[in-house]
Ligand code: PXP
(Lines give C-alpha, C1' and ligand atoms only; values in the text may rest on other atoms or scores of the structure.)
Protein backbone atom coordinates (compact mmCIF):
# COMPACT_ATOMS: atom_id res chain seq x y z
CA UNK A 1 0.00 0.00 0.00
CA UNK A 2 0.97 3.63 -0.32
CA UNK A 3 2.38 4.83 2.95
CA UNK A 4 -0.05 7.22 4.61
CA UNK A 5 2.30 9.85 5.93
CA UNK A 6 0.05 11.92 8.11
CA UNK A 7 -0.70 10.56 11.54
CA UNK A 8 -3.15 12.70 13.47
CA UNK A 9 -3.14 13.04 17.24
CA UNK A 10 -6.48 13.32 19.02
CA UNK A 11 -5.98 14.44 22.61
CA UNK A 12 -8.52 13.05 25.03
CA UNK A 13 -9.15 15.59 27.81
CA UNK A 14 -11.55 13.48 29.92
CA UNK A 15 -9.21 13.16 32.87
CA UNK A 16 -8.83 16.90 33.32
CA UNK A 17 -12.54 16.73 34.08
CA UNK A 18 -11.98 13.70 36.36
CA UNK A 19 -9.70 15.84 38.56
CA UNK A 20 -12.19 18.73 38.48
CA UNK A 21 -15.05 16.44 39.47
CA UNK A 22 -13.09 14.87 42.33
CA UNK A 23 -13.69 18.12 44.23
CA UNK A 24 -16.82 19.32 42.49
CA UNK A 25 -14.88 22.51 41.69
CA UNK A 26 -14.75 24.62 38.51
CA UNK A 27 -11.09 23.73 37.88
CA UNK A 28 -9.06 22.31 36.23
CA UNK A 29 -11.08 23.31 33.19
CA UNK A 30 -11.20 20.75 30.35
CA UNK A 31 -11.93 23.58 27.90
CA UNK A 32 -8.63 25.23 28.81
CA UNK A 33 -6.92 21.86 28.31
CA UNK A 34 -8.53 21.55 24.87
CA UNK A 35 -7.23 24.99 23.91
CA UNK A 36 -3.71 24.17 25.09
CA UNK A 37 -3.86 20.86 23.18
CA UNK A 38 -4.85 22.78 20.06
CA UNK A 39 -1.96 25.21 20.54
CA UNK A 40 0.43 22.29 21.02
CA UNK A 41 -0.55 20.87 17.66
CA UNK A 42 -3.27 18.34 18.46
CA UNK A 43 -5.28 17.54 15.35
CA UNK A 44 -8.46 16.92 17.29
CA UNK A 45 -9.97 16.79 20.76
CA UNK A 46 -11.60 13.63 22.04
CA UNK A 47 -14.08 13.53 24.90
CA UNK A 48 -16.20 10.69 26.26
CA UNK A 49 -19.54 11.62 27.80
CA UNK A 50 -20.20 8.62 30.01
CA UNK A 51 -23.62 7.63 31.22
CA UNK A 52 -22.57 8.41 34.84
CA UNK A 53 -20.87 11.72 33.82
CA UNK A 54 -17.81 10.78 35.82
CA UNK A 55 -15.57 13.08 33.77
CA UNK A 56 -16.93 15.23 30.93
CA UNK A 57 -20.42 16.58 31.65
CA UNK A 58 -23.05 17.79 29.19
CA UNK A 59 -22.14 21.50 29.40
CA UNK A 60 -18.51 20.73 28.58
CA UNK A 61 -19.41 19.49 25.11
CA UNK A 62 -20.84 22.79 23.84
CA UNK A 63 -18.07 24.78 25.55
CA UNK A 64 -15.33 22.66 23.96
CA UNK A 65 -16.89 22.89 20.48
CA UNK A 66 -17.15 26.68 20.87
CA UNK A 67 -13.57 27.09 22.07
CA UNK A 68 -11.67 25.06 19.49
CA UNK A 69 -11.11 25.20 15.72
CA UNK A 70 -10.00 21.58 15.43
CA UNK A 71 -12.55 18.75 15.21
CA UNK A 72 -14.23 17.17 18.21
CA UNK A 73 -14.37 13.39 18.35
CA UNK A 74 -17.31 12.64 20.63
CA UNK A 75 -17.07 9.22 22.28
CA UNK A 76 -20.29 7.69 23.47
CA UNK A 77 -22.18 4.50 24.16
CA UNK A 78 -24.89 3.38 21.74
CA UNK A 79 -27.81 4.64 23.84
CA UNK A 80 -30.80 6.78 22.86
CA UNK A 81 -29.71 9.48 25.31
CA UNK A 82 -26.24 9.79 23.76
CA UNK A 83 -27.58 9.68 20.22
CA UNK A 84 -29.87 12.62 21.00
CA UNK A 85 -26.98 14.61 22.50
CA UNK A 86 -24.73 13.86 19.51
CA UNK A 87 -27.45 14.82 17.04
CA UNK A 88 -27.87 18.08 18.96
CA UNK A 89 -24.19 19.01 18.64
CA UNK A 90 -23.31 17.39 15.31
CA UNK A 91 -19.64 16.86 16.19
CA UNK A 92 -17.18 16.19 13.39
CA UNK A 93 -16.89 12.57 14.53
CA UNK A 94 -18.56 10.17 16.92
CA UNK A 95 -16.83 7.11 18.25
CA UNK A 96 -19.15 4.40 19.52
CA UNK A 97 -17.69 2.60 22.52
CA UNK A 98 -18.98 -0.11 24.84
CA UNK A 99 -19.74 1.12 28.35
CA UNK A 100 -20.27 -0.68 31.60
CA UNK A 101 -21.07 1.39 34.65
CA UNK A 102 -18.74 -0.53 36.97
CA UNK A 103 -15.67 -0.48 34.71
CA UNK A 104 -12.74 1.83 35.45
CA UNK A 105 -12.22 2.58 31.78
CA UNK A 106 -13.45 1.27 28.42
CA UNK A 107 -12.38 -2.32 28.90
CA UNK A 108 -12.94 -4.01 25.56
CA UNK A 109 -14.08 -3.25 22.07
CA UNK A 110 -17.67 -3.10 20.92
CA UNK A 111 -19.33 -6.39 19.92
CA UNK A 112 -20.55 -5.28 16.49
CA UNK A 113 -21.24 -8.84 15.36
CA UNK A 114 -23.75 -9.39 18.19
CA UNK A 115 -25.55 -6.07 17.74
CA UNK A 116 -25.16 -5.63 13.99
CA UNK A 117 -28.66 -4.51 13.04
CA UNK A 118 -29.15 -2.44 16.20
CA UNK A 119 -25.89 -0.58 15.55
CA UNK A 120 -26.67 -0.11 11.86
CA UNK A 121 -29.92 1.64 12.83
CA UNK A 122 -28.20 3.56 15.59
CA UNK A 123 -25.52 5.11 13.39
CA UNK A 124 -27.79 5.89 10.44
CA UNK A 125 -29.08 9.29 11.70
CA UNK A 126 -25.54 10.26 12.72
CA UNK A 127 -24.28 9.45 9.23
CA UNK A 128 -27.14 11.45 7.76
CA UNK A 129 -26.11 14.48 9.83
CA UNK A 130 -22.61 14.20 8.34
CA UNK A 131 -20.77 12.87 11.41
CA UNK A 132 -17.85 10.54 10.71
CA UNK A 133 -18.83 7.36 12.53
CA UNK A 134 -16.07 5.41 14.21
CA UNK A 135 -16.46 2.09 15.99
CA UNK A 136 -14.09 1.11 18.80
CA UNK A 137 -13.25 -2.56 18.42
CA UNK A 138 -10.66 -5.18 19.24
CA UNK A 139 -8.29 -6.25 16.46
CA UNK A 140 -10.58 -8.99 15.19
CA UNK A 141 -11.52 -9.66 11.58
CA UNK A 142 -15.16 -10.60 12.25
CA UNK A 143 -15.70 -7.33 14.15
CA UNK A 144 -14.00 -5.32 11.40
CA UNK A 145 -16.13 -6.97 8.71
CA UNK A 146 -19.28 -6.23 10.72
CA UNK A 147 -18.23 -2.58 11.24
CA UNK A 148 -17.80 -2.22 7.50
CA UNK A 149 -21.16 -3.90 6.84
CA UNK A 150 -23.11 -1.51 9.11
CA UNK A 151 -21.66 1.50 7.29
CA UNK A 152 -19.06 2.82 9.74
CA UNK A 153 -16.52 5.20 8.18
CA UNK A 154 -13.79 4.40 10.68
CA UNK A 155 -12.66 1.64 13.02
CA UNK A 156 -10.59 2.53 16.06
CA UNK A 157 -8.50 -0.47 17.10
CA UNK A 158 -8.22 -1.01 20.87
CA UNK A 159 -4.56 -0.89 21.90
CA UNK A 160 -5.28 -1.47 25.61
CA UNK A 161 -4.30 -5.16 25.63
CA UNK A 162 -1.04 -4.45 23.78
CA UNK A 163 -0.13 -1.70 26.29
CA UNK A 164 -1.07 -3.81 29.34
CA UNK A 165 1.05 -6.72 28.10
CA UNK A 166 3.98 -4.35 27.61
CA UNK A 167 3.85 -3.15 31.23
CA UNK A 168 3.29 -6.71 32.50
CA UNK A 169 6.54 -7.55 30.68
CA UNK A 170 4.73 -10.31 28.78
CA UNK A 171 6.75 -9.46 25.71
CA UNK A 172 5.91 -12.52 23.61
CA UNK A 173 2.18 -11.98 24.09
CA UNK A 174 2.61 -8.25 23.53
CA UNK A 175 4.32 -8.92 20.22
CA UNK A 176 1.55 -11.34 19.22
CA UNK A 177 -1.03 -8.63 19.98
CA UNK A 178 1.01 -6.09 18.02
CA UNK A 179 1.14 -8.45 15.09
CA UNK A 180 -2.66 -8.85 15.29
CA UNK A 181 -3.05 -5.04 15.33
CA UNK A 182 -0.78 -4.82 12.31
CA UNK A 183 -2.72 -7.44 10.32
CA UNK A 184 -6.09 -6.02 11.30
CA UNK A 185 -5.10 -2.43 10.45
CA UNK A 186 -4.20 -3.68 7.02
CA UNK A 187 -7.40 -5.75 6.71
CA UNK A 188 -9.63 -2.82 7.76
CA UNK A 189 -7.86 -0.54 5.29
CA UNK A 190 -8.39 -3.10 2.52
CA UNK A 191 -12.16 -2.89 3.19
CA UNK A 192 -12.04 0.86 2.68
CA UNK A 193 -12.31 1.75 6.37
CA UNK A 194 -10.26 4.58 7.86
CA UNK A 195 -8.16 3.14 10.69
CA UNK A 196 -7.53 4.78 14.06
CA UNK A 197 -6.06 3.33 17.25
CA UNK A 198 -6.02 4.18 20.91
CA UNK A 199 -6.28 3.32 24.58
CA UNK A 200 -3.46 3.10 27.09
CA UNK A 201 -0.78 4.52 24.76
CA UNK A 202 2.30 6.07 26.39
CA UNK A 203 5.76 7.23 25.32
CA UNK A 204 6.93 3.61 25.80
CA UNK A 205 4.24 2.00 23.65
CA UNK A 206 3.34 4.53 20.96
CA UNK A 207 6.15 3.94 18.44
CA UNK A 208 5.24 0.45 17.11
CA UNK A 209 1.61 1.56 16.72
CA UNK A 210 2.56 4.84 15.03
CA UNK A 211 4.68 2.83 12.59
CA UNK A 212 1.66 0.94 11.24
CA UNK A 213 1.14 2.63 7.88
CA UNK A 214 -2.64 2.23 7.62
CA UNK A 215 -3.31 3.98 10.92
CA UNK A 216 -4.09 7.67 10.39
CA UNK A 217 -5.11 8.77 13.90
CA UNK A 218 -4.19 7.97 17.49
CA UNK A 219 -6.40 9.02 20.39
CA UNK A 220 -4.45 9.45 23.61
CA UNK A 221 -5.60 10.80 26.96
CA UNK A 222 -4.87 9.29 30.35
CA UNK A 223 -1.09 9.16 29.97
CA UNK A 224 -0.84 12.70 28.56
CA UNK A 225 -2.93 14.20 31.34
CA UNK A 226 -0.91 12.30 33.95
CA UNK A 227 2.37 13.36 32.38
CA UNK A 228 1.26 16.97 32.27
CA UNK A 229 1.46 17.06 36.09
CA UNK A 230 5.22 16.80 35.69
CA UNK A 231 5.95 18.59 32.44
CA UNK A 232 2.86 20.62 31.59
CA UNK A 233 0.28 19.60 29.01
CA UNK A 234 1.92 21.37 26.10
CA UNK A 235 5.29 19.66 26.57
CA UNK A 236 3.63 16.28 27.11
CA UNK A 237 1.78 16.63 23.81
CA UNK A 238 4.83 17.93 21.95
CA UNK A 239 6.89 14.94 23.08
CA UNK A 240 4.15 12.49 22.04
CA UNK A 241 3.83 14.27 18.69
CA UNK A 242 7.59 14.04 18.19
CA UNK A 243 7.61 10.28 18.89
CA UNK A 244 4.71 9.80 16.45
CA UNK A 245 6.45 11.87 13.75
CA UNK A 246 9.74 10.01 14.23
CA UNK A 247 7.97 6.64 13.98
CA UNK A 248 6.24 7.79 10.85
CA UNK A 249 9.35 9.11 9.13
CA UNK A 250 11.28 5.84 9.50
N1 PXP B 1 -9.95 5.73 22.29
C2 PXP B 1 -11.10 5.35 22.88
C3 PXP B 1 -12.19 4.84 22.00
C4 PXP B 1 -11.29 5.45 24.27
O5 PXP B 1 -12.45 5.04 24.83
C6 PXP B 1 -10.26 6.01 25.04
C7 PXP B 1 -10.47 6.20 26.50
O8 PXP B 1 -11.52 7.08 26.73
C9 PXP B 1 -9.09 6.42 24.39
C10 PXP B 1 -8.95 6.25 23.02
C11 PXP B 1 -7.97 7.05 25.13
O12 PXP B 1 -7.43 6.12 26.03
P13 PXP B 1 -6.38 6.61 27.10
O14 PXP B 1 -7.07 7.62 27.95
O15 PXP B 1 -6.03 5.36 27.83
O16 PXP B 1 -5.22 7.20 26.36
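The values are calculated or read from the model by the stated rules, or taken from the named source; none is laboratory data. If you're wondering where the values come from, they're calculated on a predicted model, not measured in any experiment. FYI the Cβ positions are ideal-geometry reconstructions off the backbone, even for glycines, and counts take in every protein chain you see.
Residues in region 99-111: is at least one over 18 Å from residue 48 (Cα atoms), buried (at least 18 other Cβ atoms within 10 Å of the Cβ) and within 16 Å of the ligand (Cβ to nearest atom)?
No, every residue in region 99-111 fails to be over 18 Å from residue 48 (Cα atoms), buried (at least 18 other Cβ atoms within 10 Å of the Cβ) and within 16 Å of the ligand (Cβ to nearest atom).
Which of the following residues is more than 15 Å from the ligand (Cβ to nearest atom), closer than 22 Å to residue 34 by Cβ and not in a loop (DSSP other than H, G, I, E, B): 61, 65?
Unique residue meeting the criteria: 65.
Could you give me the residue pairs with C-beta distances under 7 Å whose first residue belongs to region 1-15 and is closer than 18 Å to residue 241 by Cα and within 16 Å of the ligand (Cβ to nearest atom), whose second residue is assigned to a helix (DSSP H, G or I) and modelled with pLDDT under 95 wherever it lies, and which are 6+ apart or on separate chains?
Qualifying pairs under 7 Å: 7/248.
Of the residues 234, 246, only one is under 18 Å from residue 13 (Cα atoms), touching a residue at least 24 places away in the same chain (Cβ under 8 Å), away from the ligand (no atom under 16 Å from the Cβ) and assigned to a helix (DSSP H, G or I); which?
234
With (1) touching a strand residue (DSSP E or B) at 6+ places or on another chain (Cβ under 9 Å); (2) within 14 Å of the ligand (Cβ to nearest atom); (3) assigned to a helix (DSSP H, G or I) as the list, and residue 226 as the residue in question, which single condition is left unmet?
Answer for residue 226: the failing condition is (1).
So, residue 76, is that one within 19 Å of residue 218 (Cα to Cα) and surrounded by 17 or more Cβ atoms within 10 Å (Cβ to Cβ) or not?
yes
So is residue 43 more than 16 Å from the ligand (Cβ to nearest atom) and either closer than 23 Å to residue 201 by Cα or at pLDDT 95 or above (or both) or not? Spell out the reasoning first.
Values: more than 16 Å from the ligand (Cβ to nearest atom): no; either closer than 23 Å to residue 201 by Cα or at pLDDT 95 or above (or both): yes.
No; evaluated as a whole, the condition is false for this residue.
Among the residues of region 178-199, how many are on the phi < 0 side of the Ramachandran plot and away from the ligand (no atom under 16 Å from the Cβ)?
Result for region 178-199: 10.
Confirm whether residue 175 is within 15 Å of the ligand (Cβ to nearest atom), out of contact with any strand residue (DSSP E or B) (no Cβ under 9 Å at 6 or more places or on another chain) and over 24 Å from residue 35 (Cα atoms).
In short, no.
Which residues, counting only those in region 155-170, are assigned to a loop (DSSP other than H, G, I, E, B) and in contact with a helix residue (DSSP H, G or I) (Cβ under 9 Å, 6 or more places away or on another chain)? Steps first, answer last, please.
Residues of region 155-170 that are assigned to a loop (DSSP other than H, G, I, E, B), as a first pass: 159, 168-170.
159, 168, 170 - these are the residues of region 155-170 that are assigned to a loop (DSSP other than H, G, I, E, B) and in contact with a helix residue (DSSP H, G or I) (Cβ under 9 Å, 6 or more places away or on another chain).
Of (1) within 23 Å of residue 90 (Cβ to Cβ); (2) part of a helix (DSSP H, G or I), residue 42 satisfies all except one. Which?
(2)
Scan region 112-154 for residues that are within 17 Å of the chain's Cα centre (by Cα), more than 14 Å from residue 98 (Cβ to Cβ) and outside any helix (DSSP H, G or I) and report the count.
Total meeting the criteria: 7.
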